[in-house]
Ligand code: ADP
Ligand code: ZN
């Protein structure tokens, strides 16, 4: 199954993407993680992306489209994949169509702006492997330490409140129109984000059966 996860920053796309990929045994492609990884390892692409990320802006379409095209061409995507954080603009969605990629389902995780702002302040990510946690809703077993790799958990620079507000603005202007885009194609399934991550996961996995 080829799946897109849509939703505001901080809606919990990344967490749900992991659950779906465990459930269906398909890879997750997170453009945010790929870009942050490029940043950490200091590649040319990472250097270009840095200022966009820090300001809460989107990285230019041609850059992310290139990343996704390359990633989807790899063998492990043959039996399906979960796209987390892509597409984020109409031109990105059109690029997928032009690549001949057929999407089965677009799961739209909806969370109110106020909740996003509150959640982001508690979000922490593993400095080493990029896994995502929340100090209230999705705690690691040991505070400040990654369950998966024992790396240190840190707050993302773009999770600071002012940047979050900018990211929400960008989301409403550039990403939200994708709801209608996929609604028209009959692919959109809405999942209301719940306070407890486990409840959202239950609804997300149920949405795969619709
Ligand atoms: P979130 O979903 O919490 O906003 P992500 O980790 O998905 O965070 O993305 C972080 C940042 O990476 C975005 O704010 C943006 O700058 C960049 N980015 C990720 N995916 C895309 C994309 N599809 N198009 C443009 N920029 C992107
Ligand atoms: Zn880790």
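Bear in mind these aren't lab numbers, they're just calculated from the coordinates by the rules spelled out. The structure displayed is predicted, hence computed values, not measured ones. As a convention, Cβ positions derive from the backbone with ideal geometry for all residues, glycine included, and neighbour counts pool all protein chains shown.
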Q | Likely footprinting exposure, 123, 36, fewest C-beta neighbours within 10 Å first | A | 36, 123
Q: Find the centroid of the Cα atoms in the range 147-210 and in the range 1-74, then give the distance between the two in whole Å.
A: 13 Å
Q) Would you list 6, 168 from fewest to most Cβ contacts within 10 Å? A) 168, 6
Q) From the square roots a ≥ b ≥ c of the eigenvalues of the alpha-carbon gyration tensor of the range 14-75, which class results: rounded (a/c under 1.5), prolate (a/b over b/c), or oblate? A) prolate
Q) Between residue 150 and residue 199, what is the label-to-label distance in nm when each label sits 7 Å out along the Cα-to-Cβ direction? A) 3.6 nm
Q: Mind giving me the FRET efficiency for residue 25 and residue 69? R0 is 35 Å, r the Cβ-Cβ distance, nearest 0.05 is fine.
A: 0.90
**Q.** Among 37-45, 101-109, the order from most to least packed when residues are scored by Cβ within 10 Å on average
**A.** 101-109, 37-45
Q: Mind running the shape call on the chain? Use the C-alpha gyration tensor, a ≥ b ≥ c as the square roots of the eigenvalues: rounded below 1.5 for a/c, prolate if a/b tops b/c, oblate otherwise.
A: rounded
Q: Give the Debye-formula value of log10 I(q)/I(0) at each listed q (0.17, 0.30 Å⁻¹), with one equal scatterer per alpha carbon of the range 109-165, two decimals each.
A: -0.54, -1.16
Q: Mind giving me the nanometre distance, one decimal, between the label points for residue 135 and residue 190, set 7 Å out from Cα along Cα→Cβ?
A: 3.2 nm
Q) How large are Rg and Dmax for the range 75-159 when only the alpha carbon atoms are used, in Å? A) 16.4, 45
Q. For labels at residue 206 and residue 115 in the simple 7 Å Cα→Cβ model, what's the distance in nm?
A. 1.5 nm
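Above 16 angstrom, tally the Cα pairs of the range 1-105 and express them as a % of all pairs, no decimals. Mind dumping the intermediate values first?
On the way: 3124 of 5460 pairs.
Here the tail beyond 16 Å accounts for 57 percent of pairs.
How much of the DSSP bridge set in the range 64-210 is antiparallel, in percent, rounded to the nearest 5?
60 percent
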**Q.** Estimated FRET transfer efficiency when R0 is 35 angstrom, pair residue 101-residue 143 (beta carbons, to 0.05)
**A.** 0.30
